[in-house]
Amino acid sequence: QAAWSSEGFGSHWVRSVSVDLNNDASLVIDIPDALCERDKVKFTVHTKTTLSSFQKPEFSVPRQHEEFIWLHDTIVETEEYAGLIIPPAPPKPDFEGPREKMHKLGEGESSMTKEEYAKMKQELEAEYLAVFKKTVQVHEVFLQRFSSHPIFRKDRNFQIFLEYDQDLSVRRKNAKEMFGGFFKNMVKSADEVLISGVKEVDEFFEQEKTFLLDYSSKIKDATAKAEKMTRSHKNVADDYNHISGALNSTAADNNTAFKKHLEKYAEVFEKLRKLEDRVASDQELKLTELLRYYTRDIQAAKDLLYRRARALADNENSNKALDKARLKGKDIAQAEENQKQCLQKFDKLSESGKKELTSFKARRVVAFRKNLIEMTELEIKHAKVRRLKCCVYHYMFTRQCSGSHGKPGNLREF
Amino acid sequence: MSGSCGRIPPPFPDNEDQEAESDTRVLDSDEDDDDDDEGEDIFTGARSNPITPTSAPDEGDIFSEEGSYIRSDVHHATNGLHSDEEELDLFTEATVELTLTNTTSQGRREITGPTASACNTTQVPNSILKPSIVTKTTEELEEEESGDQFELNIAVTNPEKIGDGMNAYMSYKVSTQTTLPMFLNKTFSVRRRFSDFLGLYEKISAKHSLLGCIIPPPPQKSVVGMTKVKVGKEDSSSAEFVEKRRAALERYLQRVVAHPSLLQDPDVREFLERDELLRAVNTQTLSGPGLLKMINRASDAVNKMTIKMNESDNWFESKLQEVENEEQLLRRLHAAVDSLVNHRKELCSNTAVFSKSVAMLGSVEENSALSRALSQLAEVEDKMEQLHQQQAFNDFFILAELLADYIRLLGAVRCCFEQRMKVWQRLQEAQSTLQKKREAEAKLLWANKPEKLQQAKDDINEVKLSTANDKHNTWESKVSQYERDFERVTCTVRKEVLRFEKEKARDFKQHIVKYLESLLHTQHRLVKCWEAFLPEAKAIA
């Protein structure tokens with residue numbers, strides 16, 4: 001159980017993945033604080049608003065992850081939002097990784113020196129913190145997507161989520177029961193609906209369908225591979241840590257000159273570790289997290305297509321029903337009404353969907369651009385720092401060689 | 001080449017410790033922030049001492065030219081006359097110049113033994129940095145009383161498979177370049193096979209280990225590795241094995257000739273010079289596990305000794321303990337470095353896989369600028385994969401092999417101590433025999449039996465069977481001989497250990513320096529890769 005405050009995270013942690021959020025001062029949301037107790041994370045959702053629909057101009061409520069999920073599911077199930085891309089639900093806070101490592105560290109405590117143990121503990125705490133920061137960011141962005149959307153920001157449930165200072169658990173239970181099953185059904189048949197191909201009348205949506213299906217699988221794959229790559233970086237950093245630890249672990253009473261050398265080398269490896277770690281976490285944040293986020297967002301876009309495809313199917317069915325009714329001469333008025341509604345719904349979905357998907361494209365491109373640039377700049381910076389440090393250490397070590405010949409005769413190999 | 005070639009920055013006079021401190025302090029100051037200006041502080045710190053340039057000593061040292069680029073540029077940087085940006089550019093320049101030296105030194109590679117060109121047919125990356133014996137021997141000799149300038153470079157190159165099937169073997173070219181008068185030529189080369197090296201070890205060991213010398217152990221035999229080569233498997237793992245073996249043989253020879261008394265040994269000379277060597281037989285005992293067993297038996301023997309040595313000072317006891325501790329440390333380090341190598345290899349393959357995935361993503365991306373950027377990213381990641389592979393190679397050959405070598409060398413040091421024990425034991429036995437005979441004589445004196453007394457006296461002065469080495473033939477002279485032997489061995493072991501420690505410190509430093517160089521090189525390439533990508537990322541619209 002530890003409490004980390006997210007104060008002073010710095011702007012680079014926030015809003016790096018999605019852009020153009022929180023630009024409108026009339027409704028500003030952030031998560032300035034969060035508490036981690038055992039398995040539960042309590043986020044402090046802070047709202048500042050000039051909108052009259054809210055009771056106060058500024059207020060905060062504590063929320064848990066499940067309540068965010070409630071909000072998401074509620075919005076998904078709201079009929080009128082069928083034509084919008086619903087911001088994807090934030091993933092559950094997952095401290096399993098660092099927790100397991102901490103457990104392993106505790107078991108292996110006896111086999112390492114005090115310094116090494118302390119260092120590894122420090123590192124794990126940093127890892128915890130990183131996971132923590134990320135989950136705060138992801139929950140924050142989720143809310144900001146709503147607040148910056150002209151339609152969502154007016155949603156009554158969204159308002160309740162922000163304002164209601166009691167636990168939403170009562171509603172949560174109902175929501176889970178009600179929506180859980182429905183949602184599952186949707187996802188299951190989603191691909192079939194799309195792929196089985198109700199005949200698409202609109203060129204735009206036909207293209208979108210092809211694109212999104214293909215892109216979705218590829219970005220999922222890229223995310224998984226990026227995660228593996230980042231993990232390897234972390235492993236290399238860990239190894240540097242072990243090397244550094246071993247170099248520092250010579251017996252306390254051993255005062256040889258060699259030992260002093262080893263301690264100096266330990267320093268080098270410690271620096272290398274820090275740099276490797278930074279590369280890994282920056283890559284994780286800028287690249288892996290970007291891919292992860294858009295994997296979810298692409299899924300949300302696909303969901304929009306599914307709903308429209310459903311509406312299209314409904315529309316076709318209603319047409320058929322109307323024809324049948326006319327043939328039979330029964331219930332024509334009802335069938336006509338039904339058909340009118342289905343058509344309306346479908347048209348509304350298509351119009352809204354087109355707008356949403358178009359702005360989604362733009363958003364995606366901007367986000368990729370921003371993150372790729374930032375990632376590249378960070379990589380360059382880190383590589384330059386590493387290069388510099390290697391240079392300096394190299395200089396230090398070669399200068400201290402015995403005699404006046406401290407030249408490294410091996411540079412010719414370059 | 002630029003005019004700065006050949007100039008070497010001098011050591012800072014008397015301020016070594018202070019310098020080191022200021023550098024470290026400054027290096028520590030840039031801890032957790034990502035400021036861009038963290039680089040220059042290092043030079044602010046180092047500027048505290050004036051730098052006086054000296055001209056490079058012209059030594060006929062073939063590596064002197066190429067060795068000092070980066071140093072002279074760093075030298076410039078510390079003058080404090082340049083802006084921060086320029087400092088970074090100088091490094092870029094420095095490392096660019098470093099790349100240039102590679103091509104110009106090609107011509108020299110023949111003599112020094114190209115490791116890269118020989119292995120061009122294999123998958124193994126070319127940038128292995130060979131240990132240079134020059135720095136070792138010249139520095140070493142500066143410390144020796146004799147002060148004779150000599151030079152000897154050895155390279156093991158051009159592994160060639162001779163024959164086919166299970167009788168096949170690898171033949172290596174051993175090239176020597178020297179100014180030493182005891183050799184017939186200045187440059188010469190011979191071909192040797194692995195068992196020849198083992199045979200050399202056997203000969204050296206037989207002669208010198210009794211004197212208390214630390215004999216460098218030969219590289220280990222590997223049935224699995226060799227079988228793959230014999231069978232003709234042309235994959236990267238067998239290429240790696242051959243390269244590993246070649247490098248190990250080279251290091252082995254370099255260590256042998258770095259030892260002043262071993263260098264004088266005619267067997268060593270013959271090994272280097274003679275065209276055809278008699279095939280060494282019975283090298284089974286000297287294979288990896290066999291040798292290790294021998295070493296371990298040695299240390300067991302030392303531990304089991306019932307009569308503890310009465311040391312006048314416990315230098316030997318504490319030194320042996322030190323050696324054992326150090327061996328443990330190196331084993332631990334080796335395990336950690338091994339892990340590093342493996343994880344780096346994993347990183348390498350994960351990066352390759354990721355690269356492909358990004359390429360696929362780019363191919364379906366509908367925005368053309370983003371699509372192009374993603375394919376460029378895939379290419380960058382591809383280059384990263386190569387860099388990671390190279391780094392894994394360096395991790396292994398520079399760090400892991402160094403540690404493995406020294407774990408075995410420390411074993412050899414333990415053997416050396418054991419030798420001294422054996423000599424001491426022999427002395428003890430002789431002394432106790434002499435003692436017994438003297439007691440017997442005294443008893444007889446007391447018992448007053450003159451005939452037996454004479455016999456006892458004769459006993460002490462008994463004529464022993466003389467061997468070729470046994471010049472003295474009485475127990476008394478034997479004891480005094482063994483006493484002298486023991487003192488000599490003690491003195492030799494002491495000297496050897498000190499020499500070894502100096503060499504070890506130097507070796508480690510050299511390798512860390514090399515490792516830093518390899519990292520430097522990699523990081524430089526990294527910077528270039530990402531800098532080339534940045535405009536692509538910015539071009540996304």
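Things to note:
- The accessible-area ordering, largest first, of the residues A:Met396, B:Met182 stands as B:Met182, A:Met396, per a 1.4 angstrom probe.
- Net dipole in debye of the stretch A:56-159 [+1 Lys, Arg Cβ; -1 Asp, Glu Cβ; about Cα centre; nearest 20]: 340
- Inter-chain shielding of A:269-280 (mean C-beta neighbours from other protein chains, 10 Å cut-off): 2
- Exposure of B:Ser480 as accessible area (Å², to 10), given a probe of 1.4 Å and all protein chains: 40
- Amide H contacts under 5 Å for B:Arg193, placed H, 5+ residues apart: B:Tyr172
- Sequence of B:Met170, A:Met112, B:Met360 from largest to smallest accessible area, 1.4 Å probe: B:Met360, A:Met112, B:Met170
- Dipole magnitude (debye, nearest 20) for the stretch A:242-347, charges at Cβ of Lys, Arg, Asp, Glu: 380
- Summarised as an ellipsoid, the stretch A:1-167 has semi-axes of 36, 16, 14 Å, derived from the eigenvalues of the Cα gyration tensor scaled by 5 and square-rooted, with the largest first.
- Computed from point charges on the beta carbon alone (+1 for Lys and Arg, -1 for Asp and Glu), the dipole magnitude for the stretch A:222-403 about its Cα centre is near 480 Debye.
- Heavy-atom SASA rank of A:Lys56, A:Lys154 (probe 1.4 Å, accessible area, largest first): A:Lys154, A:Lys56
- Förster radius 22 Å - calculated FRET efficiency between B:Arg279 and B:Ser237, Cβ distance, rounded to 0.05: 0.20
The values are calculated or read from the model by the stated rules, or taken from the named source; none is laboratory data. Predicted, not measured: the structure shown is a model, and the values here were computed from it. Note: ideal-geometry Cβ built from the backbone for every residue, glycine included; neighbour counts use all protein chains shown. Heads up: the accessible areas ignore ligands, DNA and RNA and are worked out on the full protein's heavy atoms, side chains in. Shrake-Rupley method; radii C 1.70, N 1.55, O 1.52, S 1.80 Å.
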